[in-house]
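What follows is calculated from the coordinates using simple rules that are stated; it is not laboratory data. Everything quoted here is computed from the prediction, not taken from an experiment. All Cβ positions, glycine included, derive from the backbone under ideal geometry; neighbour counts span all protein chains shown.
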Amino acid sequence: LPFRLVSIVVRTVTPSELPAWLDVLGTAFLSRNDTEAIATYVQTVWDLQRAWAAFDGSALVGTTRSWATELTIPGNTQLPASAIAAVAVLATHRRTGILRQMMAAEHAAARERGEALALLYSAEYSIYGRFGYGPGCQMATWTIETRRTQVRRQGSGSVEIVRPSAAVRDTMIAIHRAARLLQVGDIARRDDMWDRELGLRPTLWGDGWKGFVALHRDDAGTVDGFVRYHTESKWERMQPQGILTVDDFCTLTDDGYDHLWAFLINTDLVRTVTAPQRLVSERFPWLLTNARAASVTELNDSMWVKLLDAPRALAARAYERAGSLVIETVEDAGTDRESRTRVALDVGPDGATCVPTKRSPDLTIHAGALGAAYLGGTSLIHASLAEGADESREGALQEADALFRTGTPPWCSVFF
């Protein structure tokens with residue numbers, strides 16, 4: 001009802017309201033779930049002070065929630081961030097400003113908590129740019145036709161297939177905690193994610209995971225990598241055509257990476273290995289005798305980034321070049337106003353400083369463009385095309401583009 005005038009109240013949800021909250025979420029995402037059972041579970045793992053509900057009178061009509069995480073930024077520094085998920089508005093209340101109210105509430109609360117960044121995955125591309133988010137990472141689905149290639153280099157050490165258990169989970173958590181500190185764009189995961197993804201806790205959303213875990217050990221016997229995967233048995237004319245899907249892959253060493261990929265590609269009865277939500281620039285095609293057997297079959301944006309505290313976020317990351325710019329970002333703060341942030345960024349061999357300023361801007365861009373370029377993998381020039389850029393100093397956009405770029409692309413290992 002696009003022309004309906006509504007008076008919406010946005011506040012955090014109470015435990016007794018969780019079933020209705022979950023029902024709205026499921027309805028908006030076209031699914032039906034056991035909301036009572038899910039509500040009982042999530043109360044044990046969610047911080048309900050971070051779960052927002054929108055009410056039209058007594059009717060719950062919108063949802064969003066967040067959880068505390070930590071993002072690795074260029075220079076392999078970590079900043080506290082808010083990971084936002086479960087954003088939904090009932091179809092009866094779309095285009096009435098409810099989403100804007102919920103996002104404003106979460107952003108204000110995140111700033112009070114001291115979180116410098118907000119992160120999310122966008123269900124539809126056009127939704128979050130107006131709130132100052134930009135697609136800061138990409139993800140690729142790789143498909144490998146195993147009959148068409150062999151592996152040149154297996155890597156040293158050994159691979160062991162293990163049954164999921166609490167001990168295996170803890171080993172995987174330790175590996176990922178170490179690895180994500182070295183991967184720009186990666187985040188800290190919630191502990192309850194691991195239990196669900198390993199099938200250690202019954203899932204209340206759809207079918208549970210039923211698959212396999214393989215660990216890599218170096219020559220000294222230390223575990224330095226893991227892969228979680230599931231398979232589909234398939235036969236045609238008495239010939240195996242099995243499909244192996246990589247669900248999670250994490251290693252601390254090149255040998256571990258090489259050996260685990262060789263293990264996957266050489267698995268008996270498997271003719272296709274598919275790996276969704278992976279880096280666009282993977283190492284493993286170079287390990288194959290026929291790199292054309294591995295191809296990117298899908299390429300998408302993944303995690304979107306918003307700078308909640310621009311001076312802090314810009315000063316904290318590393319830069320590969322020196323430069324000095326006054327940057328102003330513009331964000332649509334409502335139907336009749338906009339929000340502007342202006343900072344002086346100075347980058348040199350000893351690091352970066354970034355402070356609010358009243359100096360004239362060299363460059364004015366949309367906040368979403370800065371969010372897209374922040375992690376170093378997106379061209380600021382490209383990200384500015386949608387909303388435009390205003391150069392008060394000639395060449396400022398090109399200078400800023402070069403300043404934010406990094407040699408290593410960002411990537412997030414977890415979908416949330």
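Miscellaneous remarks
- Across the range 44-104, Cα pairs under 8 Å and at least six residues apart give a relative contact order of 29 percent.
- For the chain, the longest site-free run once GluC sites (Glu not before Pro) in DSSP loop states with at most 12 other Cβ atoms within 10 Å are removed: 125-393
- Label sites at Arg321 and Arg177, each approximated as a point 7 angstrom past Cα along Cα to Cβ, lie 3.9 nm apart.
- Extension gain from Gln154 to Ala123, taking 0.36 nm per residue of separation minus the Cα-Cα distance: 7.4 nm
- Cβ-Cβ FRET estimate between Arg94 and Leu269, R0 fixed at 51 Å, reported to 0.05: 0.60
- The percentage of C-alpha pairs in the range 249-348 whose separation is greater than 15 Å is 76%.
- Annotation: average projected area of the range 37-96 is 6.3 square nanometres, based on the convex hull of Cα atoms across all directions.
- Whole-percent pair-distance distribution, where bins are 10 Å wide, for the alpha carbons of the chain: 4, 20, 27, 25, 17, 6, 1, 0
- Here the scattering of the range 1-60 is modelled by Debye summation over its C-alpha atoms, one equal scatterer each and no solvent; at q = 0.15, 0.30 Å⁻¹ the log10 of I(q)/I(0) is -0.48, -1.31.
- Per-residue [θ]222 nm for the chain (sum of -39500 (n - 2.57) over DSSP H runs n ≥ 4, rounded to 500): -6500 deg cm²/dmol
- When the alpha-carbon atoms of the range 317-416 are used, the pair Rg, Dmax equals 13.8, 43 angstrom.
- Whole-Å distance, taken between Cα centres, linking the range 158-172 and the range 228-282: 17
- Around Ala88: net Lys/Arg minus Asp/Glu count, Cβ-Cβ under 11 Å: +1
- Net length gained if the chain between Phe29 and Leu299 were fully extended (0.36 nm per residue, minus Cα distance): 94.9 nm
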